Amino acid sequence: MREPRQITASQTMMSIFNSMIGISILGLPRIASEHVNSGAVLVTIIGLGIMMIGMGIMTLLGYRFPKTSFIQFSKQIIGKKLSFLFGLFILVFFILLIGFITREFSFMLSSFLYPDTPMIVLVGAMLIIVAIATRNDITTISYIHFFYFPFLLIPLLLLIVLALENVDIRYVKPFLGNGNTFSDFLQGGLTIAAFPFVHIGIFLLTVLTPHTHSPKNAIRGSLLGGLFSSLLIILTLFVTIGVFGSMEAKSPLWPLYVLTRMVQLPLELLERLDILFLGIWVLSAFTTILSGYLIIIYTGSQLFNLKSHRVLSYIALPLVFGAAMYPQNIFHLFELIELVGKWGLIITMIYPLFLLFIALIRKKGKVMK
Amino acid sequence: MSIWNRFKKSHTSSSENKKAETISEKIVVNEMLKTDYPTAIHQIQQVFEDEADFAIRELVVFGNINATIMYFSSLVDKKDISEDIIKPLLINTISNHEISLKEVVIRQTLYHADVQQAVQLADIVNGLLRGNTILIIEGIPEVILINTKKLEKRSIAQPETEQVIRGPRDGFIESLETNISLLRDRIPVPEFKVKSKQIGRITKSTVCIFYMENITNPSLVEDVEKRLERIDIDRVLDSGYLEQFIQDNPRSPFPQVKNTERPDVAVGNLLEGRVVIMVDGSPIALIVPGTFIMFYQSSEDYNERTNVMSVIRMTRIFSIIFSLVTPSTYVAIISYHPELIPTAFSVAITSGRAGVPFPAVIEVFLMEAAMEILREATVRMPKQVGGALSIVGVLVVGQAAVMAGFVSPITVVVIAITTIGSFATPTYSMANGFRMLRFFLIFTTGVLGLYGLILGLILIMNHLLSLRSFGVPYLSPISPMNWGGLRDSFIRVPLRWLIDRPEELFVKNSQRINNPKEYPTTNPLGPERHTDMKEEDQ
């Protein structure tokens, strides 16, 4: 009856928030403290700073080429063949990445709650739900993100508030860590910038921006989303390190999950909060994987000139599923995530930067004021 | 070859038979009634050869002119015919020979208000079948149709499905004309539009579309008309038939068209910019587009105090979520995560379940099924048997099953709470949708525990979020959010603050209240007034 609505700034912001708050932040304190012990907060800030740069590049590109998708304008900038090749790289990269984070999530479920349930079922159930959700148009998917936003934000804030009383500020000091060199921080920062949620957060912009109400909305939404989720990630990290200390945060695979086990509600209603939080983690994993899956099928549909991303909803399923089932065990998986994530920096940071430069040189797209 | 021929032959002959079968096809579409008086009468008689209730009365009017009256005795008011048609025709004589006979009959003689003329046979037949009396007079080529329809109808009563404590007591009935009068009486402005059309090849039911010309978005009206236009079915026996044809997603368990029996609800929605559809023969009006939150609003919410009604609205929403999730959460806790609840409670549950032979999923599923059977049985039962049934239900399903060790007492409590919770929905169709989804959630939880429950809920939520009714997102004003709309969703703010009509409907005139700030608290009997009066006295 009416023209399809378009995505607003707040919906963009919430979509980015939901995509970034995912299963990866459960393991973030471990990886950050592995690199620079008590300098974990600082190294995360560096990593997220790198992410914000990446987001800025993507936003500038989106502003220069409003209402065109990433694949379309890269075709305009560097030609058909080269952009197709890079598009293929993006596709393969995200298929691997989404498969791996689905697997990581399933590992977590399986190690805490479902030791006897086969991995295929845990992975498959999540991927099927995600695939069904991507049958909707982009605007509806942004509604979905919008709706789930408070369900992720409020429990996370609650967790921070509840854990705050156990924080020992001595654990977080010294901010620079003990005996760290500059290159340690750079290394750590790059590792954090190579986290799956960073890639998904940045690349989600390529899906949302062509559908936003105006390029201004996209800029405002993406910057706010990036800043807000960075703030929350840093806060949760601070709380986790503050409670455990950097030495202890290294040992569990998902320190934040252990934290949810420790916190208790003031009143004796539920014995353990972690299972309740599990619901939240399932939701956060769903929103993250949904965004990632959307990136895959949207990029795919643009790359192969399909009418709509919906066509690929079920076709991409076996590919992602295959990627998810590939790692042999959890350590293999973590290795792969780090490896793929670091290579992915080329795709999500350097490639857009390269595009932006070429576009500036060749004076393609809308010229900025 | 011969088989082929036979097939061909039988095919053609059967189609010929079919053609001969229906009377309406015998009447050629544009066949005119013969002008010759006896032939014309014969022509009509032929159509209704053996009808038991088809009546013919021959008269001689104005002294010397032959005339015939025909009607279906089952459809007409005979008193009307004798008083308003036959009596004047017989008593009057022609005094003025200047004007033609037809004019004399129509303008000077007949007392009845609703008089029409027809020349085509199809129109005449149709008119007869709709309760008209036809008058054929020798020398007048046209046939005069007089609407003498009289059908038995029940009186206006309080609707049984949407009862209110404070609010109007009248409800729609089966007669469309009465229903229109109920609406017109409440909206006495020319902008209130009623469009009518006939749907149903055989039942030819009259369907009316109501809207406010100065409020409703014209493209919504257009879309409703377009969707109704497409319907090609032999019958429309209730507005539910239409609902199923015009809704956006027929597979969804959620109703996308609101229905009501209450004229005040219909008027309220008309004034918000929605479109109301009614069918002759059904007391239930359809309101489109329907959004989720509409099904949790009752007309009483606007008549009572706001804060109290807001709490009640939240109770309704809470109870539906509660009744949807409780059984599956119980299953998840008992069979997958018993460590979630405090130890003392968990011991109590386990001891209660000690003798139960089934896993929790089966137990809950069986109890839910028993509850549904009980409920379905009580709905269809005659009232006299209903009491006995409920006793059997309570005693056998509740008490005896626990005593026999089939189910644990806590399961019974959970199911009972769930069932009561599902009754708190003001709309029956929405409650039904959630009833079904409860089983779905029990199933997913049975397979995957809490993970399955969350995934099931995500699936339901995603469906709700993607659902649209006539282009309006089903969950608006919650998602996409609009603050103005939220004032009348989970809560209901005072009417004087509900300034705008719902934003998602893109109405022509969004102003509901024109002077939102002009309700100052005055104190007519306060001290100031008294001093004024004293001064005046002096």
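The values are calculated or read from the model by the stated rules, or taken from the named source; none is laboratory data. In this text, all values refer to a predicted model and were calculated from it rather than measured experimentally. Positions of Cβ are generated from backbone atoms using ideal geometry, with glycine treated the same way; all protein chains shown enter the neighbour counts. Note: areas computed on protein heavy atoms with side chains; ligands, DNA, RNA excluded. Shrake-Rupley method; radii C 1.70, N 1.55, O 1.52, S 1.80 Å.
Among the residues of the range B:339-355, those identified as open to solvent by less than 60 Å² (accessible area, probe 1.4 Å) and either touching a strand residue (DSSP E or B) at 6+ places or on another chain (Cβ under 7 Å) or assigned to a helix (DSSP H, G or I) (or both) are B:Leu340, B:Ser346, B:Ala348, B:Ile349, B:Gly352. Is it the case that A:Ala316 is at pLDDT 90 or above and under 18 Å from A:Thr134 (Cα atoms)? Spelling it out, A:Ala316 is indeed at pLDDT 90 or above and under 18 Å from A:Thr134 (Cα atoms). Residues of the range B:485-507 include none that is crowded, with 18+ Cβ neighbours inside 10 Å, touching a strand residue (DSSP E or B) at 6+ places or on another chain (Cβ under 9 Å) and hydroxyl-bearing (Ser, Thr, Tyr).
If I ask for residues that are surrounded by fewer than 24 Cβ atoms within 10 Å (Cβ to Cβ) and either free of Cβ contacts under 8 Å to residues at least 60 places away in the same chain or more than 14 Å from every other protein chain (Cβ to nearest Cβ) (or both), which ones from the range A:1-16 would you list? Matches in the range A:1-16: A:Met1, A:Arg2, A:Glu3. For the range A:69-121: of the residues being without any contact (Cβ under 8 Å) to a residue 24 or more places away in the chain and away from chain B (no Cβ under 13 Å), which is least open to solvent (accessible area, probe 1.4 Å)? The selected residue is A:Ser83. Determine which member of the set A:Ser183, A:Ser142 is within 14 Å of chain B (Cβ to nearest Cβ) and among the polar types (S, T, N, Q). The unique qualifying residue is A:Ser142. Among the strands (runs of 3 or more DSSP E) confined to the range B:25-130, the ones with at least 3 residues that are open to solvent by less than 40 Å² (accessible area, probe 1.4 Å) and of a type in the set (A, V, I, L, M, F, W, C) are located at B:54-61, B:65-72. What residue, of B:Gly433, B:Gly456, is over 21 Å from B:Thr216 (Cβ atoms) and crowded, with 22+ Cβ neighbours inside 10 Å? Of B:Gly433, B:Gly456, the one residue that is over 21 Å from B:Thr216 (Cβ atoms) and crowded, with 22+ Cβ neighbours inside 10 Å is B:Gly456.
Here A:Ser251, A:Ser284 are screened, and the one residue that is at pLDDT 90 or above and not β-branched (Val, Ile, Thr) is A:Ser284. Considering each residue of the range A:39-49 in turn, at least one proves to be open to solvent by 10 Å² or more (accessible area, probe 1.4 Å) and at pLDDT below 90. When the residues of the range A:171-204 are filtered to those that are free of Cβ contacts under 8 Å to residues at least 12 places away in the same chain and part of a helix (DSSP H, G or I), the one that is least open to solvent (accessible area, probe 1.4 Å) is A:Ser183. For the range B:465-490, residues that are more than 9 Å from every other protein chain (Cβ to nearest Cβ) and at pLDDT 90 or above total 3. Of the residues making up the range B:356-380, those that are open to solvent by 70 Å² or more (accessible area, probe 1.4 Å) and of a type outside the set (Phe, Trp, Tyr) number 8. Selection over the range A:54-68 of residues that are closer than 22 Å to A:Ser308 by Cα and surrounded by 20 or more Cβ atoms within 10 Å (Cβ to Cβ) gives a count of 2. Inside the range B:209-239, residues that are small (Gly, Ala, Ser) and open to solvent by 20 Å² or more (accessible area, probe 1.4 Å) make up a count of 1.
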